[in-house]
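Please treat every number below as a calculation from the coordinates, not as lab data. Quick caveat: nothing in here was measured; it's all calculated off a predicted structure. Cβ coordinates were reconstructed from backbone atoms using ideal geometry, including for glycine residues, and neighbour counts include every protein chain displayed.
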Amino acid sequence: MPHLLLLLPSLSYRGEAFLEAATKVGASLTVGGESAPDFLVHFPGGFLPLDLHNPASAVSAAVEFAKTRPIDVVLGVNDNTTVLASRISAALGLPSNSIDSVCAARNKHTMRELLRKHGLPTPHVVVYGIDEKPEDIVRHVNFPCILKPLTLSASCGVIRADGPESFHKAFIRVGDLLKSLERLGQEEADRQILVEDFIPGTEVALEGLLSNGKLRPLAMFDKPDPLDGPYFEETIYVTPSRLTPALQRQIHETLAKAALAIGLREGPVHGELRINDQGVWVIEVAARSIGGKCSRTLQFGTGMSLEELILFHALGRELPPLDLQEGAAGVMMIPIPREGILERVDGQWAAQQVPGVEELVMTAESGDHLIPLPEGTRYLGFIVARRKRPEEVETSLREAHRRLTIVMRPPTARAVRPKVFRV
């Protein structure tokens, strides 16, 4: 039986889906991370302690573990662990994307430079350290612009500035966020802020799978809520896309070129792209699958999940048909309305009665200290809906969310620092 090492941050939504997928494809699973997740309670031998923030230590531990428990596939579920997965794979002689390509996908500045070299539309970018003074920088900035941490994801720390005053406030705010996340041994890139031109337009997400450098599109998600700032909290994803077939082909081709420019050749790819009169712009390329519990919207062929497809590919097995099942599906990442201590979420039963709602999962628990974007790193929960047409799915998601009442109390001075989720 093939053996999968799954690198999983302590606070991540992704582990159970991969455990289920490994069982279905006939693979054994070991989770590597700082602490064993709750879902491994019935798999006592399925955890390998690894310091995910210390690559040398983690690689050494994984190689030692593989001497007695051979590993066939190493997978990461977020941007940080995909880099570590590539390093462990290289040390074990397993096929994977090159370390340089995965690092480039994680570093927004490196990615932008590679896209530009290959002739792909990309905004003008400059990188600054968090200790620099915004008043010394602002004279070199074009407005409107976007400030974002160089290595964070899921819109964490992403702020739009329309002038010198809002730029100054945003720079201080992003810098304070990065300082709050500082840890020993972190890379210099973790203390840097990228400033880039704001690209207006419609935004979509494209999920794909690379095989020998060829991108096979799996699903395109429309984002019906405008993402114009000042913050960029993503809420609703709906597939299939309502864009024209010709435009969808152009988006597929653009992401394929972007993956090639970065050097990615194998495995899942998650792209974020914007479309306007000037063409298709690549905003993000990640060497991983879609985050959170969003993958629950995708069912292929006879009901195969995205995680099963990823494992089939990683194990070198012949892939089944990649067509999505008929109908439309979508997910709402339930936003956190304000900072506070969660007491309860009322109306859950009513939300689940909305036509098309398939699942309502609350990932925040009573007593959790919650913070909204741009400082937040998590969602309140997820609503999954499935209906015949995309517009029906969107309507169901909005109605289900409308029926929820989120009850919170103000945080106290002694409130525990919020948990940092890696979506």
Highest-MSF residue in the chain out of 247, 178, 255 [GNM, Cα springs under 10 Å]: 247
Hz values of 3J(HN,Hα) by residue in segment 88-99 - Karplus curve (6.51, -1.76, 1.60), Gly and Pro given as x: 5, 4, 4, 5, 8, x, 9, x, 5, 5, 5, 4
Label point distance in nm, residue 39-residue 247, each placed 7 Å from Cα along Cα→Cβ: 3.5
Total formal charge among the other residues, if their Cβ is under 15 angstrom from that of residue 300, Lys/Arg +1 and Asp/Glu -1: -2
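What's the local net charge at residue 140, with K and R +1, D and E -1, over the other residues with C-beta under 15 Å away?
Taking every Cβ under 15 Å from that of residue 140, the sum is -3.
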Mean-position separation - Cα centroids, segment 1-74 and segment 328-391, in angstrom: 28
Gyration tensor verdict on segment 3-103 (Cα atoms; rounded if a/c is under 1.5, prolate if a/b is larger than b/c, oblate otherwise): rounded
Global geometry of segment 294-423, whether rounded, prolate or oblate, following the gyration tensor of its Cα atoms and the 1.5 cut on a/c: oblate
Ordering of 391-399, 351-359 by burial proxy (mean other Cβ atoms within 10 Å per residue, highest first): 391-399, 351-359
Unit Cα scatterers, Debye sum, segment 124-197: log10 I(q)/I(0) for q = 0.14, 0.16, 0.23 Å⁻¹: -0.37, -0.48, -1.00
Charge sum, other residues only, whose C-beta stays under 11 Å from residue 261's C-beta, Lys/Arg counted +1 and Asp/Glu -1: +3
Rh (Kirkwood; distinct C-alpha pairs) - the chain, Å: 22.2
